[in-house]
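Let me begin by presenting the structure, written as C-alpha cells, before commenting on it.
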Amino acid sequence: MLKCELWLTLEYIMNSLKESLLVLFTLAALAGCANMTSQQKNTAIGAAVGGVAGSALTNGSGLGTVGGAAVGGVIGNQIKH
C-alpha cells in the first residue's frame, strides 16, 4: 500500500513540475516578443494557449498538444485589434 501511495505522490510531483516548466518556458518565450508585430504576438499567444488546451483535453497526448498549438496559432494569427 505504501508503494502505491508513494508512486501517486511522485506522479503528482512530476506532473506539477511539467506544468510549472511549461508555464515558465511560455513566459520566457513571450518575454522575447518585444520586437514582434501585434499579429506575431497574437500567433504566439494563440499557439501557447492552444497547446496547453490541447494537452489538457487529450490528457497530455503529444498529438493533441501539437494540434491544439496549430489551431491556436491560426486563430491567434487571425485576431485583429
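Out of ASN15, ASN42, ASN77, report the one residue that is in a helix (DSSP H, G or I), without any contact (Cβ under 8 Å) to a residue 12 or more places away in the chain and surrounded by 11 or more Cβ atoms within 10 Å (Cβ to Cβ).
ASN15
Of all the listed residues (VAL71, VAL23), the sole one being of a type in the set (Val, Ile, Thr) and within 12 Å of the chain's Cα centre (by Cα) is VAL23. Checked against the criterion of being surrounded by fewer than 16 Cβ atoms within 10 Å (Cβ to Cβ), small (Gly, Ala, Ser) and modelled with pLDDT of 90 or more, the candidates ALA28, ALA56 yield just one match: ALA56.
Filtering region 45-68 to residues that are hydrophobic (A, V, I, L, M, F, W, C), over 15 Å from GLU19 (Cα atoms) and within 11 Å of the chain's Cα centre (by Cα) leaves ILE45, ALA47, VAL66.
Return the total of residues in region 64-81 being touching a Gly at 6+ places or on another chain (Cβ under 6 Å) and under 9 Å from GLY46 (Cβ atoms).
6
The values are calculated or read from the model by the stated rules, or taken from the named source; none is laboratory data. Bear in mind that the values here come from a model prediction, so they are computed numbers and not experimental data. Using ideal geometry, Cβ is built from the backbone for each residue, glycine included, and neighbour counts are taken over all protein chains shown.
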